[in-house]
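See below for the structure under consideration.
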Amino acid sequence: MSYTFKKVSYLLLVSVTILLTGCKSTTQKMKEFADSYNRYASSISNDMIKGTKAEITSANSMKIWIYTFIKSDDKTQQDLFKQMYGPLTKSMFNDNPKLTELINNDVTITFAICGSDNESFAEFEINKTKLNELRAQKTDRKDNLKESQTPSHGIMADALKIINEGLPIEDKTTGTKILKIDITPDNELAYTVEAPDDYTILLASNESREILRDEILRSSTIKATLKAIQQYGIKTVKYIYVDKEGKTMGEITTN
(Lines give C-alpha, C1' and ligand atoms only; values in the text may rest on other atoms or scores of the structure.)
Protein backbone atom coordinates (compact mmCIF):
# COMPACT_ATOMS: atom_id res chain seq x y z
CA MET A 1 0.00 0.00 0.00
CA SER A 2 2.67 2.43 0.90
CA TYR A 3 4.41 1.75 -2.43
CA THR A 4 1.36 2.94 -4.37
CA PHE A 5 1.18 6.16 -2.36
CA LYS A 6 4.90 6.68 -2.98
CA LYS A 7 4.14 6.42 -6.71
CA VAL A 8 1.36 8.99 -6.32
CA SER A 9 3.82 11.24 -4.51
CA TYR A 10 6.31 10.74 -7.35
CA LEU A 11 3.69 11.74 -9.92
CA LEU A 12 3.02 14.90 -7.96
CA LEU A 13 6.71 15.73 -7.95
CA VAL A 14 7.08 15.14 -11.71
CA SER A 15 3.97 17.15 -12.46
CA VAL A 16 4.86 20.20 -10.42
CA THR A 17 8.39 20.19 -11.83
CA ILE A 18 6.82 20.72 -15.25
CA LEU A 19 4.19 23.23 -14.24
CA LEU A 20 6.42 25.48 -12.16
CA THR A 21 8.75 26.34 -15.03
CA GLY A 22 8.35 29.61 -16.89
CA CYS A 23 6.12 32.60 -16.33
CA LYS A 24 2.64 31.14 -16.44
CA SER A 25 -0.63 31.98 -14.80
CA THR A 26 -1.94 29.88 -11.95
CA THR A 27 -4.66 28.53 -14.24
CA GLN A 28 -2.06 27.40 -16.79
CA LYS A 29 0.04 25.76 -14.08
CA MET A 30 -2.98 23.93 -12.70
CA LYS A 31 -3.97 22.66 -16.17
CA GLU A 32 -0.44 21.45 -16.92
CA PHE A 33 -0.33 19.76 -13.53
CA ALA A 34 -3.62 17.91 -14.14
CA ASP A 35 -2.62 16.90 -17.69
CA SER A 36 0.80 15.64 -16.56
CA TYR A 37 -0.60 13.77 -13.56
CA ASN A 38 -3.32 12.08 -15.57
CA ARG A 39 -0.93 10.96 -18.32
CA TYR A 40 0.96 8.87 -15.78
CA ALA A 41 -2.00 7.93 -13.57
CA SER A 42 -2.60 4.66 -15.44
CA SER A 43 0.44 3.19 -13.66
CA ILE A 44 -1.24 3.61 -10.27
CA SER A 45 -3.13 0.43 -9.47
CA ASN A 46 -2.96 -2.63 -7.23
CA ASP A 47 -5.33 -4.94 -5.37
CA MET A 48 -6.48 -2.03 -3.22
CA ILE A 49 -6.31 1.04 -5.50
CA LYS A 50 -7.88 0.85 -8.96
CA GLY A 51 -6.96 4.31 -10.20
CA THR A 52 -6.43 8.01 -9.61
CA LYS A 53 -6.96 11.28 -11.44
CA ALA A 54 -6.46 15.01 -10.98
CA GLU A 55 -8.96 17.66 -11.98
CA ILE A 56 -9.40 21.41 -11.68
CA THR A 57 -12.48 22.17 -9.60
CA SER A 58 -12.37 25.99 -9.62
CA ALA A 59 -10.10 28.91 -10.50
CA ASN A 60 -7.86 28.20 -7.51
CA SER A 61 -8.57 24.63 -6.40
CA MET A 62 -7.80 21.11 -7.55
CA LYS A 63 -8.82 17.64 -6.46
CA ILE A 64 -6.84 14.40 -6.55
CA TRP A 65 -9.20 11.43 -6.70
CA ILE A 66 -8.00 8.04 -5.44
CA TYR A 67 -10.35 5.18 -6.31
CA THR A 68 -10.17 2.04 -4.18
CA PHE A 69 -11.87 -1.36 -4.26
CA ILE A 70 -13.13 -0.91 -0.69
CA LYS A 71 -16.86 -1.63 -0.50
CA SER A 72 -19.15 1.20 0.54
CA ASP A 73 -20.54 -0.82 3.47
CA ASP A 74 -17.11 -1.86 4.77
CA LYS A 75 -16.66 0.93 7.31
CA THR A 76 -13.82 -0.88 9.09
CA GLN A 77 -11.65 -1.02 5.97
CA GLN A 78 -12.56 2.58 5.16
CA ASP A 79 -11.50 3.74 8.62
CA LEU A 80 -8.22 1.79 8.44
CA PHE A 81 -7.40 3.20 5.01
CA LYS A 82 -8.34 6.73 6.06
CA GLN A 83 -6.27 6.69 9.24
CA MET A 84 -3.20 5.20 7.57
CA TYR A 85 -3.13 7.42 4.49
CA GLY A 86 -4.15 10.71 6.07
CA PRO A 87 -0.61 11.25 7.44
CA LEU A 88 0.95 10.09 4.14
CA THR A 89 -1.15 12.54 2.14
CA LYS A 90 -0.27 15.46 4.39
CA SER A 91 3.41 14.53 4.33
CA MET A 92 3.52 14.89 0.55
CA PHE A 93 2.81 18.58 0.96
CA ASN A 94 4.91 19.12 4.05
CA ASP A 95 8.05 17.56 2.54
CA ASN A 96 7.81 18.64 -1.11
CA PRO A 97 8.99 22.25 -1.63
CA LYS A 98 7.81 22.41 -5.25
CA LEU A 99 4.33 21.27 -4.35
CA THR A 100 4.14 23.72 -1.47
CA GLU A 101 5.07 26.50 -3.90
CA LEU A 102 1.87 25.80 -5.83
CA ILE A 103 -0.16 25.99 -2.62
CA ASN A 104 1.60 29.23 -1.69
CA ASN A 105 0.14 30.61 -4.92
CA ASP A 106 -3.24 30.25 -3.16
CA VAL A 107 -4.20 26.95 -4.78
CA THR A 108 -6.12 24.54 -2.55
CA ILE A 109 -5.54 20.83 -3.23
CA THR A 110 -7.89 18.18 -1.91
CA PHE A 111 -7.31 14.44 -1.81
CA ALA A 112 -10.55 12.45 -2.09
CA ILE A 113 -10.45 8.72 -1.32
CA CYS A 114 -13.34 6.80 -2.88
CA GLY A 115 -14.81 3.36 -2.34
CA SER A 116 -15.81 0.76 -4.94
CA ASP A 117 -18.96 2.82 -5.71
CA ASN A 118 -16.69 5.79 -6.60
CA GLU A 119 -18.20 7.83 -3.77
CA SER A 120 -15.76 9.71 -1.53
CA PHE A 121 -15.45 8.42 2.04
CA ALA A 122 -12.51 10.59 3.14
CA GLU A 123 -11.05 13.91 2.04
CA PHE A 124 -7.86 15.74 3.06
CA GLU A 125 -7.62 19.40 2.10
CA ILE A 126 -4.42 21.43 2.05
CA ASN A 127 -4.38 25.21 1.60
CA LYS A 128 -1.89 27.90 2.57
CA THR A 129 -3.17 28.14 6.15
CA LYS A 130 -3.03 24.40 6.75
CA LEU A 131 0.36 24.18 5.08
CA ASN A 132 1.73 26.77 7.51
CA GLU A 133 0.28 24.73 10.38
CA LEU A 134 2.10 21.65 9.09
CA ARG A 135 5.36 23.57 8.85
CA ALA A 136 4.96 24.76 12.42
CA GLN A 137 4.55 21.26 13.76
CA LYS A 138 7.65 19.83 15.37
CA THR A 139 8.59 16.24 14.62
CA ASP A 140 9.16 14.89 18.11
CA ARG A 141 8.44 11.27 17.26
CA LYS A 142 11.04 8.64 18.08
CA ASP A 143 12.39 6.57 15.23
CA ASN A 144 11.64 3.01 16.29
CA LEU A 145 12.60 1.53 12.92
CA LYS A 146 15.89 -0.20 12.27
CA GLU A 147 18.18 1.73 9.95
CA SER A 148 18.09 0.14 6.54
CA GLN A 149 21.17 -0.90 4.67
CA THR A 150 19.49 -0.82 1.26
CA PRO A 151 17.93 2.08 -0.69
CA SER A 152 14.65 0.18 -1.14
CA HIS A 153 14.32 -0.39 2.58
CA GLY A 154 15.01 3.29 3.07
CA ILE A 155 11.91 4.11 1.00
CA MET A 156 9.88 1.59 2.96
CA ALA A 157 11.16 2.90 6.29
CA ASP A 158 10.30 6.48 5.33
CA ALA A 159 6.74 5.44 4.50
CA LEU A 160 6.42 3.50 7.77
CA LYS A 161 7.58 6.49 9.79
CA ILE A 162 4.69 8.49 8.36
CA ILE A 163 2.16 5.67 8.78
CA ASN A 164 3.23 5.14 12.40
CA GLU A 165 2.34 8.76 13.08
CA GLY A 166 -1.28 7.83 12.39
CA LEU A 167 -1.28 4.90 14.81
CA PRO A 168 -2.84 3.39 16.83
CA ILE A 169 -5.69 2.23 14.58
CA GLU A 170 -8.54 0.28 16.12
CA ASP A 171 -10.62 -2.38 14.38
CA LYS A 172 -13.87 -2.18 16.32
CA THR A 173 -15.23 -5.40 14.81
CA THR A 174 -12.44 -7.49 16.39
CA GLY A 175 -11.41 -5.25 19.28
CA THR A 176 -7.81 -5.23 18.05
CA LYS A 177 -5.59 -2.19 17.75
CA ILE A 178 -2.52 -1.77 15.50
CA LEU A 179 0.14 -0.08 17.65
CA LYS A 180 3.20 -0.13 15.41
CA ILE A 181 4.49 -1.37 12.04
CA ASP A 182 8.18 -2.24 11.68
CA ILE A 183 10.66 -3.98 9.42
CA THR A 184 12.31 -6.71 11.50
CA PRO A 185 15.97 -7.80 11.29
CA ASP A 186 14.64 -10.95 9.57
CA ASN A 187 13.23 -8.82 6.74
CA GLU A 188 9.60 -9.15 7.80
CA LEU A 189 6.90 -6.51 7.91
CA ALA A 190 5.76 -6.76 11.53
CA TYR A 191 2.49 -5.44 12.93
CA THR A 192 2.35 -5.06 16.70
CA VAL A 193 -1.31 -5.53 17.58
CA GLU A 194 -3.01 -5.08 20.93
CA ALA A 195 -5.70 -7.76 21.26
CA PRO A 196 -8.48 -8.63 23.72
CA ASP A 197 -7.80 -11.25 26.39
CA ASP A 198 -9.69 -13.98 24.51
CA TYR A 199 -6.97 -13.96 21.84
CA THR A 200 -4.81 -15.84 24.34
CA ILE A 201 -7.03 -18.88 23.74
CA LEU A 202 -7.07 -18.38 19.96
CA LEU A 203 -3.29 -18.15 19.77
CA ALA A 204 -2.73 -21.19 21.99
CA SER A 205 -4.14 -23.65 19.46
CA ASN A 206 -2.53 -24.48 16.11
CA GLU A 207 -5.96 -24.98 14.57
CA SER A 208 -7.35 -21.64 15.73
CA ARG A 209 -4.12 -19.85 14.73
CA GLU A 210 -4.54 -21.27 11.22
CA ILE A 211 -8.13 -20.00 11.08
CA LEU A 212 -6.98 -16.56 12.22
CA ARG A 213 -4.19 -16.61 9.63
CA ASP A 214 -6.69 -17.43 6.86
CA GLU A 215 -8.88 -14.51 7.95
CA ILE A 216 -5.88 -12.18 7.77
CA LEU A 217 -4.97 -13.38 4.28
CA ARG A 218 -8.53 -12.81 3.05
CA SER A 219 -8.23 -9.12 3.92
CA SER A 220 -8.01 -6.95 0.80
CA THR A 221 -5.70 -4.62 2.72
CA ILE A 222 -3.21 -7.41 3.45
CA LYS A 223 -3.44 -8.69 -0.13
CA ALA A 224 -2.45 -5.26 -1.40
CA THR A 225 0.29 -4.96 1.23
CA LEU A 226 1.84 -8.31 0.31
CA LYS A 227 1.86 -7.38 -3.36
CA ALA A 228 3.39 -3.97 -2.71
CA ILE A 229 6.22 -5.08 -0.39
CA GLN A 230 7.51 -7.83 -2.67
CA GLN A 231 9.55 -5.32 -4.64
CA TYR A 232 11.49 -4.60 -1.45
CA GLY A 233 12.37 -8.25 -0.98
CA ILE A 234 9.89 -8.58 1.89
CA LYS A 235 7.68 -11.64 1.50
CA THR A 236 6.40 -12.14 5.03
CA VAL A 237 3.96 -10.18 7.16
CA LYS A 238 4.06 -10.98 10.87
CA TYR A 239 1.39 -10.15 13.44
CA ILE A 240 2.70 -9.86 16.99
CA TYR A 241 -0.23 -9.87 19.40
CA VAL A 242 0.18 -8.21 22.80
CA ASP A 243 -2.15 -7.61 25.71
CA LYS A 244 -2.94 -4.20 27.20
CA GLU A 245 0.22 -4.39 29.33
CA GLY A 246 2.37 -5.04 26.25
CA LYS A 247 3.03 -8.72 27.04
CA THR A 248 3.31 -10.91 23.94
CA MET A 249 0.37 -13.29 23.54
CA GLY A 250 1.49 -14.99 20.33
CA GLU A 251 2.50 -14.48 16.69
CA ILE A 252 1.10 -15.28 13.26
CA THR A 253 3.02 -15.06 9.97
CA THR A 254 1.62 -15.09 6.43
CA ASN A 255 3.93 -17.79 5.05
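Points to keep in mind about this one:
- Remark: spin-label model distance T174-T27 equals 5.2 nm, labels positioned 7 Å along the Cα→Cβ axis.
- Report note on the peptides 100-108, 196-204: ranked by the mean count of other C-beta atoms within 10 Å, highest first, their order is 100-108, 196-204.
- M48 - accessible surface, heavy atoms, 1.4 Å probe, Å² rounded to 10: 0
- Taking label points 7 Å from Cα along the Cα-to-Cβ direction, E215 and K130 give a separation of 3.5 nm.
- Surrounding net charge for R39, when Lys and Arg each add one and Asp and Glu each subtract one, Cβ distance under 12 Å: -1
The values are calculated or read from the model by the stated rules, or taken from the named source; none is laboratory data. In this text the structure is predicted, and so the values were computed from the model without any measurement. Positions of Cβ are backbone-derived with ideal geometry, glycine not excepted, and every protein chain shown enters the neighbour counts. Note: areas computed on protein heavy atoms with side chains; ligands, DNA, RNA excluded. Shrake-Rupley method; radii C 1.70, N 1.55, O 1.52, S 1.80 Å.
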